[in-house]
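Just below is one structure, and these are the notes that go with it.
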Amino acid sequence: MGRVLKWAGLGLCVILIAAVAGFYFLSERIIAKTYPLPESHIRAAQGPEAVARGERLARAYGCADCHGHDLQGAYIEDFGMRSRNLTLLAKEFSDADFDRVIRHGLRPDGTSVAETMPSDAFQYMTDTDVSDVIAYIRSRPHAGAPVPTPSYDWKARLRFLSGEGKTDVMWFPLQTPALDLGPQFARGRQIAMAACGECHTTALTGEMPPQLHHPPDLSIVASYERADFLKFMHTGKAAGNRELRMMSAVARVRISHLSEADLNALYDYLSARGKKLTGG
């Protein structure tokens, strides 16, 4: 009997080891998958004005929110991970490398960045905006500690295997562009997709996975007067001086850094889109 139990225990250990190895192998195949690197001709813009524009966009689009005010990386409690130190990556990455990370979600080795990087929304950034953001990154002094690429614990790996978790590249096919209302609204549409797409989807419909909060379809902006919308984006105070659960903080910390021209372009597009979709 003792020998039987011994062999049964050994067999169980072998099965457990095989299961763990299979679990790791299958999840690692998703994480380590490589994708073709798209061609990029982006070059960092030059001059203090470009750096200033890049800083505004980096704050408006959440780069500084996640990578820290000084871009040296920060621990993001909601995601349980530390973001990369962009000032040190600037010594390793070419301008094209930064472009591929920002707009395509791909590292120089062809692997996908973490799901928390919203490149699926940033894909709609213009060449000029990307060039300005890279100029801002390169203007920062090389400082702080290096941060390795994110590692994944067993919970994250289980999410990958269940299909609930995704690498950033896997989000691209799930995003669709927002309604095109013509060239006069092009700038506002582009800003809306890049700045708002992370939460509201790039279609701006507000449809998100059920485990997340449910932001509204941005056609709601059609109900705002311009002055009220601009006040909301600057101060976080919605109509009636209301504080909204997430958007008030996002407006103050991010969107308020857009230039007045960009904020007005954003309102023009979102208001026109809302009126188009709701019949006025």
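We did not get these values from a lab; they are worked out from the coordinates using the rules stated. Because the structure is predicted, anything quoted here is derived from the model rather than measured. Glycine gets a Cβ as well: all are built from the backbone with ideal geometry, and neighbour counts include every protein chain shown.
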Legend entry - Dipole of the chain, positive direction: furthest Cα of Phe98, Gly47, Gln190, with charges on the beta-carbon: Phe98
Legend entry - Built amide H within the under 5 Å cut-off of Ile76, gap 5+: Met81, Arg82, Ser83
Inset, instruction - Using label points projected 7 Å from each Cα along Cα→Cβ, tell me how many nm separate Thr34 and Glu207, to one decimal. - result: 3.6
Legend entry - Within the chain, helix-based [θ] at 222 nm, where runs of 4 or more DSSP H residues each add -39,500 (n - 2.57), nearest 500: -14500 deg cm²/dmol
Legend entry - Residue-by-residue Karplus 3J(HN,Hα) for region 185-199, coefficients 6.51, -1.76, 1.60, Hz, glycine and proline x: 10, 4, 5, x, 5, 5, 5, 4, 5, 6, 8, 10, x, 4, 9
Inset, instruction - Take the Cβ-Cβ distance between Thr176 and His142 as r, set R0 to 41 Å, and report the resulting FRET efficiency rounded to the nearest 0.05. - result: 0.60
Legend entry - Proximal lysine pairs, the chain, alpha carbons under 25 Å, eight or more residues apart or interchain: 6
Inset, instruction - Divide, for region 48-155, the radius of gyration over alpha carbons by 2.2 N^0.38 Å, where N is the residue count. - result: 1.01
Inset, instruction - With springs connecting C-alpha atoms under 10 Å apart, model the chain as a Gaussian network and identify which of Gly144, Gly62, Gly197 has the largest mean-square fluctuation. - result: Gly144
Inset, instruction - Determine the gain in length on full extension of the stretch Lys91-Arg226; use 0.36 nm per residue of separation and subtract their C-alpha separation, reporting nm with one decimal. - result: 44.3 nm
Legend entry - Sites Tyr75 and Thr111, calculated FRET efficiency, Cβ-Cβ separation with R0 30 Å, nearest 0.05: 0.85
Inset, instruction - Compute the acute angle (0 to 90°) between the alpha-carbon long axis of helix 127-139 and the principal axis of greatest extent of the alpha-carbon atoms of the chain; round to the nearest 10°. - result: 70
Legend entry - Translational D in µm²/s for the chain (Stokes-Einstein at 37 °C, 0.692 mPa s, Kirkwood Rh from C-alpha pairs): 159
Inset, instruction - Post the alpha-carbon centroid distance, region 53-74 to region 130-206, in whole angstrom. - result: 13
Legend entry - Whole-number Å³ per residue for the convex hull built on Cα positions in region 176-278: 95
